[in-house]
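Each remark here refers to the structure printed beneath this line.
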Amino acid sequence: MSVRNGYGCRFAIVMTQKSTTKTVKTWEVTTASVRFKIKNAGIPVTGTLQDFEGSIQFDPAHLAESKLEGSVTTKSIDTANTMRDFHLRMPDYFRAAKFPTITMQSTHIVEQSSGVFLGTFDISIKGKTKSLKIPFSFEDQLFKAQFEINRLDFGVGARSFVLGNQVKVMLEIAVD
């Protein structure tokens, strides 16, 4: 922009804008564990989901710019029972052929205390997405989270007197 001063001389005003975008560290996932527990006939059944892929940009000093994303394949479910695993991949449960992945993506993260955070995550299972608040920790290059979901919210199985509705999920993701 050009203006005249009181003496008739022109001079330029140069305006600069300081960038407010912070660069957050992109972490490489080195190992990941996705475990779950549900009650079946009153007995806890545990299992894992394999084939984790993740994209992690995280800096506790810049949480607004941080983003955590991850997915696992539904065909990788393992409860140490081949027949049950086969059944869980079928249409009445995960419908793995049509919905091959379970995804999780942060939309907002706040720090609760040193190394402890609360994230709002969109979780998609079997074509249904729900927003959940999930507490997690980050210490020594390890993310840990533990939370519960209701399997019926995602259309996984039907109401049952035998199978519990609440599924406890435990995540551990090591990064470098």
Any residue at all in the stretch 63-78 that is over 20 Å from Ala32 (Cβ atoms), among the acidic types (Asp, Glu), touching a strand residue (DSSP E or B) at 6+ places or on another chain (Cβ under 9 Å) and modelled with pLDDT of 95 or more?
-> yes
Just need a number here: residues in the stretch 80-101 that are under 17 Å from Asp51 (Cα atoms) and touching a Phe, Trp or Tyr at 6+ places or on another chain (Cβ under 8 Å).
-> 1
Could you check the stretch 1-44 for strands (runs of 3 or more DSSP E) lying wholly inside it with 3 or more residues that are at pLDDT 95 or above and touching a Gly at 6+ places or on another chain (Cβ under 8 Å)?
-> 29-40
What single numbered condition from (1) in contact with a Gly (Cβ under 6 Å, 6 or more places away or on another chain); (2) under 16 Å from Phe138 (Cα atoms); (3) not polar (S, T, N, Q) fails to hold for Leu68?
-> (1)
Does Lys130 meet the test of being in contact with a Phe, Trp or Tyr (Cβ under 9 Å, 6 or more places away or on another chain), in a strand (DSSP E or B) and loosely packed, with under 15 Cβ neighbours inside 10 Å?
-> yes
Does Val169 count as touching a residue at least 60 places away in the same chain (Cβ under 8 Å), in a strand (DSSP E or B) and under 24 Å from Arg89 (Cα atoms)?
-> yes
Could you please find all residues in the stretch 139-158 being out of contact with any strand residue (DSSP E or B) (no Cβ under 7 Å at 6 or more places or on another chain) and assigned to a strand (DSSP E or B)?
-> Glu139
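Okay, residues lined up against (1) touching a residue at least 12 places away in the same chain (Cβ under 8 Å); (2) under 15 Å from Glu172 (Cα atoms):
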{"position": "Gly70", "(1), (2)": "yes, yes"}
{"position": "Pro91", "(1), (2)": "no, no"}
{"position": "Thr103", "(1), (2)": "yes, no"}
{"position": "His108", "(1), (2)": "yes, no"}
{"position": "Phe121", "(1), (2)": "yes, no"}
{"position": "Thr129", "(1), (2)": "no, no"}
{"position": "Phe136", "(1), (2)": "yes, yes"}
{"position": "Phe143", "(1), (2)": "yes, yes"}
Filter the stretch 98-122 for residues that are part of a strand (DSSP E or B) and under 19 Å from Leu88 (Cα atoms) and give the result.
-> Thr101, Ile102, Thr103
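The values are calculated or read from the model by the stated rules, or taken from the named source; none is laboratory data. This structure is a prediction, so every number in the text was calculated from the model and none was measured. Note that each Cβ is placed from the backbone with ideal geometry, even for glycine, and that neighbours are counted across all protein chains shown.
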